[in-house]
Amino acid sequence: MYKTTIGLEIHAQLKTKSKMFCSCSNLSKKADPNSKVCPICLGHPGCLPTINEEAVKKVIRAGKALNCDIADFSRFDRKNYFYPDLPKGYQISQLKYPLCERGVLIVDDERIGITRIHLEEDTGSLVHEEGISLVDFNRSGVPLMELVTEPDISSGKQARRFAEELRLIFRYLDVSDADMEKGQMRVEVNISLAKEGEPLGTKVEIKNLNSFKTVEQAVDYEIKRQTDLLEKGRKVIQETRGWREDKQETVSQRAKEEAHDYRYFPEPDLPPLNLNEKPFSKKEITLGSELPQNRRERFKKEYGLEEEIYITDKALGDYFEKVISEGVDWVSSKEEALDEERKNEFASLCSNYIISDLLGLLEGRSVNSEEFLITPENFSELMMLVFLENTTSKIAKKVLSYMYETGGDPSQIIKEKDLTQMSDEEKIKEVVEEVVTENKEAVEDFKKGKKEALQYLVGQVMAKTRGKADPQKVNQIIVDRF
């Protein structure tokens, strides 16, 4: 039996206006190749870099969210290596004095240590096509945060969950969009196997994993590959491997470099950072946002809800809270404020409509998109009509569809579309008599105690009233009728 030891290295592009060491735009949208560059990010001789203040603050903010010790002193170093996408022949990074160290993130009740978080510049990107390779330097110099974990992870699933939770934190703090499809967040895995009680095995690195699914698949495959080698008495080679999506396997890329191979030395063109003084005073840099775990706990406590969608989709969670706030304020202005139990009932009603109906209408779009026209005020008003039994669920679903198309007020839509709830009990009884006359077989089945027959008869009444009748009232009238 082998013990699996896994550590992650995660790179995330920071959400800043400009690049790390120059004033070029930090791209958020696709641009023509090599159109967002300058002599500094192209590594021209004699061009001096300057430190992006916003990028430093964002890394410190991330470090605080991850319970790290924030350094008093930090500096940049040169990491020397040659590759076509690195125009200077070195990368400005941090080795000995990172901004953040010794953090922890709790994921699914498991503590995963964070060794360090440091700041560096991204490289350019290579485009391979028709037998040639092209270089695009637009990405060169983009601020890049690198987070290194302790070897506390033991499975592909746990590695995936850590990366997912980390992306959530980055997005909540607005330090990075961390869109893996766009290369804004990349995961590298260091993994080794050894028998229980023996020293750590040979470390293998899997580079540039660009989806959470791939992280889990690559780790699980590599555990199996290394286990098979060890079972056969063969050695695991220290190397860098990549993931082949088409074959669902890792493949060897090159021998693994050691830190000394990069010949690090202090960056002579940049000053050291004192993180106890402005502009980088760590005491003055705050999170500025609720963290995902705090929101999970608060939603459970305040609303009795545990739906993860409100955590993973922060915009939807914000929208939900605005809906609840509008509804509670409206009731408080009309009558006594909702007590905790009634508030949770209203929250549950709103949540059911959001998850089952609104998300269906959105079809993957965000509530923050320009095309989304339903304001929290109007959605809350519709929910209150249902909650106070002034309209039926069937009518509410129709009205919601109209609101999605036009952004209209629900009360106005109900009036214009003649969807007012039928409250006259005598009229409902008249419709019930029509249904009883037209469905004698179902009536007989109901008399014999078949519950499905009652549901059928209620459905027929609702159809005839175009959903305007209260189904509970219809149900009671039919029961009383027989």
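The values are calculated or read from the model by the stated rules, or taken from the named source; none is laboratory data. Remember, it's a predicted structure, so these values are computed and weren't measured experimentally. Cβ placement follows ideal geometry from the backbone for every residue including glycine, while neighbour counts extend to all protein chains displayed.
The figures follow:
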{"quantity": "Those residues of segment 193-217 which are outside any helix (DSSP H, G or I) and of a type in the set (A, V, I, L, M, F, W, C), in sequence order", "calculated": "193, 194, 200, 204, 206, 209"}
{"quantity": "Residue check for residue 188: touching a Leu at 6+ places or on another chain (Cβ under 9 Å), under 19 Å from residue 222 (Cβ atoms) and at pLDDT 95 or above", "calculated": "yes"}
{"quantity": "Number of positions in segment 51-110 that are within 28 Å of the chain's Cα centre (by Cα) and small (Gly, Ala, Ser)", "calculated": "6"}
{"quantity": "One residue from 72, 77, 109, 85 being at pLDDT below 95 and within 30 Å of residue 283 (Cα to Cα)", "calculated": "109"}
{"quantity": "Residues of segment 296-314 classified as crowded, with 17+ Cβ neighbours inside 10 Å and among the β-branched types (Val, Ile, Thr), total", "calculated": "1"}
{"quantity": "Neighbours by Cβ (under 6 Å, 6+ apart or cross-chain): first from segment 109-136, under 24 Å from residue 153 (Cβ atoms); second of a type in the set (D, E, K, R) and part of a strand (DSSP E or B)", "calculated": "116/101; 118/146"}
{"quantity": "Test result for residue 387, within 30 Å of the chain's Cα centre (by Cα), within 25 Å of residue 306 (Cα to Cα), of a type in the set (Phe, Trp, Tyr) and surrounded by 14 or more Cβ atoms within 10 Å (Cβ to Cβ)", "calculated": "no"}
{"quantity": "Strands (runs of 3 or more DSSP E) (entirely within segment 102-192) containing at least 1 residues that are touching a Gly at 6+ places or on another chain (Cβ under 7 Å) and buried (at least 22 other Cβ atoms within 10 Å of the Cβ)", "calculated": "110-121, 143-149"}
{"quantity": "Criterion (within 24 Å of residue 402 (Cα to Cα) and outside any helix (DSSP H, G or I)) met by exactly one of 290, 371, 377, 307", "calculated": "371"}
{"quantity": "Every pair of residues 6+ apart whose Cβ atoms lie under 6 Å, when the first sits in segment 369-396 and is over 14 Å from residue 471 (Cα atoms) while the second is outside any helix (DSSP H, G or I) and among the acidic types (Asp, Glu)", "calculated": "378/409"}
